[in-house]
Amino acid sequence: MNTIYKYDLSKQLSLGNELCIPVSSKFLSVQIDPKNDNICMWYLVSTDNPTMLRKIHIFGTGNPLPETIDCMKHCGTVISRIGMVWHIFEELA
């Protein structure tokens, strides 16, 4: 079955920077949840598919970036209620 899942990065990344997402999921959006100011990502997923780990990284504006930034896809930039600007990247497989 195809559906859209929301991944709250503050919850999902508490054990590291990996999301457990069904294989072949399609990234849709990254935004700040106005209810709690958490960064969330939405994926179109097939619940019939097995899951895989995807590595997500969050960088603040002006902070140093790792040498491996060229091996990552920029998913989006979000601004929190207090004006913090975050850039979300996913490691490419």
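Would you mind checking which residues have amide H under 5 Å from ASP37's amide H? H placed 1.01 Å from N; only 5 or more apart, or other chain.
none
Below 18 Å, Cα to Cα, which lysines can LYS26 reach? Residues fewer than 8 away in the same chain don't count.
Result set, ordered by chain and number: LYS6, LYS55, LYS73.
Hey, can you find the accessible area per residue of the chain for me, probe 1.4 Å, expressed in square angstrom? Working shown, then result.
Numbers: 5820 Å² over 93 residues.
Counting only protein heavy atoms, the per-residue value for the chain is 63 Å².
Summarise the accessible area of the chain (1.4 Å probe, protein heavy atoms) by the percent that is carbon and sulfur. Working shown, then result.
Numbers: 3280 of 5820 Å².
Taking all protein chains in place, the chain shows 56 percent carbon and sulfur surface.
The values are calculated or read from the model by the stated rules, or taken from the named source; none is laboratory data. The model shown is predicted, which means the values in this text are computed figures rather than measured ones. The area values use the complete protein model at the heavy-atom level, side chains included, leaving out ligands, DNA and RNA. Shrake-Rupley method; radii C 1.70, N 1.55, O 1.52, S 1.80 Å.
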